[in-house]
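Here is the structure we will look at, set down as structure tokens.
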Amino acid sequence: MSSTPAPLPAPEMGEPYLLTPGPLTTSYAVKQAMLRDWGSWDEDFRAMTREMRSGLLDLIGPGSDAYDCVPIQGSGSYLVEAMLGTFVPKDGKVLVLSNGAYGQRAAQTMEVLGRAYRLLDKGDYMPPRGDEVAAILAEDPAITHVLIIHCETSSGILNPVEEIAAAAHAAGRAVLIDSMSAFGAIPLEAETIGYTAMVSSANKCIEGVPGFGFVIARKTALESAKGNCHSLSLDIHAQWAAMEKTGQWRFTPPTHVVAAFLEALRAHKAEGGVAARGARYAKNRDTMVDGMRALGFETLLADRWLSPIIVTFFCPADPAFDFATFYDAMKARGFIIYPGKLTVVDSFRIGCIGQMDEYVMRAVTDAARDTLTEMGVVSAAPPAKALEERKKLAA
Ligand SMILES: *Cc1c(COP(=O)(O)O)cnc(C)c1O
């Protein structure tokens, strides 16, 4: 078919598209919103903080009156640590459900906090299920909270949050959710899930730039969390109490990042909210996965578990394939992809989120096709070992 296409006139500044789960490709308007300085104590900035908090609460649907939104400076991991440190009392115990790097990081966080936890480790990508959670909770009455990773970004699996939350609530335990890479594109409604708290960050599905994250938590949980936290700066109760009283962040806020995020939130609403954002990402995924499969690539996960956030592909078995070369050639064509995180077989990931549509995704698979040709890769089919690995998930 076509010869090597010229690199797309990718975003406005001739940058490559970031096919990564955040930081991701943002709009020009979002970048432009950072070209102004704000006084953190000034009413103009306090109004921005208020608009942001209420705009985020609007995303959790009916029942949001019982919740409040509190931003905290830092990357997403700061928010996970803040949530665990603030809502889990010093004598509490967390069941950490892990099927990838972010579940492991949450367990490591509990370790550093020195608080009790139990780890259900499902390996690289097997989903934790409601019945397993119910069995553990029945056997271990000390567990007070269950931590779920919504989309485990290391494989791209969309974990069955609703089923797990139902099992936890049936056993009278509280639910905490790391929805870092899903919130804003996949519904996480207060009424259906009934979580105690969830966290996400500015630079994922809302399409802002990195610099802070936020928790959405039940007001009753925020009120009763006083004194739990191991940390001054990560204490969500203290940040909330100060913000309620003064309208300000306790310590220097990332003002430019907040301005960019507000612009991103307005665009999210204009696009049609969570449903429309999720639909665009799903279309991105379907276009990209169809194109990659047509080249012979195979996904780690069966369609049922594929999130519209990021997709893991096995590296081809063909000896002419080399990931570093593939990466550089894709970058030269305007697309930055993401290495894999599986421990058993070689893989790479392609993200579906950010300022991209199906036409961009079509250009991605065209670039992959041309790159394979350039590398002399005859078949993109994975090694037999990879397919055996995948069978475990079907079983
Ligand atoms: C991005 C992400 C985080 C946070 O990672 P940071 O590098 O600290 O921003 C946590 N959990 C999940 C599931 C994520 O995708």
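Structure summary
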read-out: Diffusion constant of the stretch 44-88 at 20 °C, which comes from Stokes-Einstein with the Kirkwood Cα-pair radius and 1.002 mPa s, µm²/s; value: 179 µm²/s
read-out: Under 13 Å, Cβ to Cβ, from residue 189 - net charge with Lys/Arg +1 and Asp/Glu -1; value: -3
read-out: Farthest positive-ward along the stretch 29-269 dipole, Cα basis, beta-carbon charges - from 168, 214, 157; value: 214
read-out: Fluctuation leader among 87, 323, 335 - the chain, Gaussian network, Cα springs under 10 angstrom; value: 323
read-out: Top of 178, 318, 124 by mean-square fluctuation, Gaussian network on the chain, Cα under 10 Å; value: 318
read-out: Per residue value of the accessible surface for the stretch 254-304 (all protein chains in place, 1.4 Å probe), Å²; value: 40 Å²
read-out: Ratio of the Cα radius of gyration of the stretch 29-269 to 2.2 N^0.38 Å, where N counts its residues; value: 0.97
read-out: Helix-only [θ]222 nm of the chain, DSSP H runs n ≥ 4, -39500 (n - 2.57) each, per residue, nearest 500; value: -12500 deg cm²/dmol
read-out: Percent accessible area from carbon and sulfur atoms, the stretch 29-269, protein chains only, probe 1.4 Å; value: 53 percent
read-out: Top of 378, 215, 257 by mean-square fluctuation, Gaussian network on the chain, Cα under 10 Å; value: 378
read-out: Links that overshoot a 23 Å alpha carbon limit, given the list 122/226; 204/391; 122/341; value: 122/226; 204/391
read-out: Degrees, to the nearest 10: 76-87 long Cα axis against longest axis of the chain; value: 30 degrees
read-out: Karplus 3J(HN,Hα) series, Hz, for the stretch 185-195 with 6.51 cos²θ - 1.76 cosθ + 1.60 (x for Gly, Pro); value: 10, 10, x, 9, 7, 4, 5, 6, 9, x, 5
read-out: Segments 279-292, 153-166 sorted - mean Cβ within 10 Å per residue, highest first; value: 153-166, 279-292
read-out: Segments 144-150, 242-248, 55-61 sorted - mean Cβ within 10 Å per residue, highest first; value: 144-150, 55-61, 242-248
read-out: The stretch 165-223 versus the stretch 339-395: alpha-carbon centroid distance in Å; value: 30 Å
read-out: For the chain: relative contact order, % (alpha-carbon pairs under 8 angstrom, 6 or more apart); value: 23 percent
read-out: Part-to-part distance (alpha-carbon centres) for the stretch 265-303 and the stretch 95-159, which is given in Å; value: 26 Å
read-out: Magnitude of the charge dipole, the chain, Cβ model with Lys/Arg +1 and Asp/Glu -1, debye to 20; value: 320 debye
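The values are calculated or read from the model by the stated rules, or taken from the named source; none is laboratory data. Model, not experiment: these values are computed from the prediction. Using ideal geometry, Cβ is built from the backbone for each residue, glycine included, and neighbour counts are taken over all protein chains shown. Side chains included, ligands, DNA and RNA excluded: accessible areas come from the protein's heavy atoms. Shrake-Rupley method; radii C 1.70, N 1.55, O 1.52, S 1.80 Å.
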